[in-house]
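Worksheet: the structure to be examined is printed underneath.
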Amino acid sequence: MSNFDPKELKILSDILALVLEDQPGQSSSALEAIKNRARRDNVTGGALKNLFQAIAPNPSQVRSNRTTRVNNTPADEYRVKLRQMTDSINKLDRDLRSTRAQNENLKSQLYMTQQARAETQAMLSQLQANDTYPRLLIIGVATIAGLLTGIAGTEVFHLLQHAVSTATDNARYLY
């Protein structure tokens with residue numbers, strides 16, 4: 001096998017494939033081409049048989065090597081990576097949808113909370129506005145009561161002062 005070129009083996013395999021063709025003309029011309037090449041390269045039938053045996057020493061080994069090669073080809077690795085990436089993208093898409101739904105839920109809760117806060121503030125301001133009138137009334141009553149108390153206190157003071165000073169006022173007329 002070491003004295004055959006891989007290109008030569010490829011050509012030989014192509015010619016052998018033509019031998020098995022259904023068309024009799026191609027099949028016979030392919031056999032003639034094999035005979036001519038064998039004569040030219042001084043290859044006997046036994047050497048050709050040994051060549052085939054050297055190419056495929058153990059068919060089960062060749063099959064296992066082919067299956068391992070098939071499993072380790074870059075295309076399969078790319079398919080696996082592509083599948084992993086697709087799964088990852090699908091998972092991220094599901095997570096994104098879930099996050100968006102959660103975001104919308106939180107937005108609606110925030111809106112409802114803001115509405116409740118606004119209603120509470122409106123009610124509080126209304127209560128404070130209603131409480132202003134009683135406060136003003138109490139302040140007004142307290143002010144009027146204070147004025148009346150002040151006036152009454154002043155009158156009592158003048159009454160007491162007038163009783164004490166009446167004796168001295170009449171003494172002026174005696175002399």
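No lab work stands behind these numbers, since they all come straight from the coordinates. For clarity, every value in this text was computed on a predicted model and none was experimentally measured. Glycine gets a Cβ as well: all are built from the backbone with ideal geometry, and neighbour counts include every protein chain shown.
Worth a mention:
- The simple Förster model, with R0 at 41 Å and r as the Cβ-Cβ distance, assigns N36 and L82 a FRET efficiency of 0.25.
- Modelled label reach - R117, point 7 Å along Cα→Cβ, the range 94-111 residues with backbone N closer than 14 Å: 107-111
- Computed over the range 6-55, the Cα gyration tensor eigenvalues convert (square root of 5λ each) into semi-axes of 19, 12, 10 Å, ordered from largest to smallest.
- Stretch gain in nm, segment S29-I144, where the contour uses 0.36 nm per residue and the Cα spacing is subtracted: 27.7 nm
- Working from label points 7 Å from Cα in the Cα-to-Cβ sense, the L20 to D93 distance is 4.4 nm.
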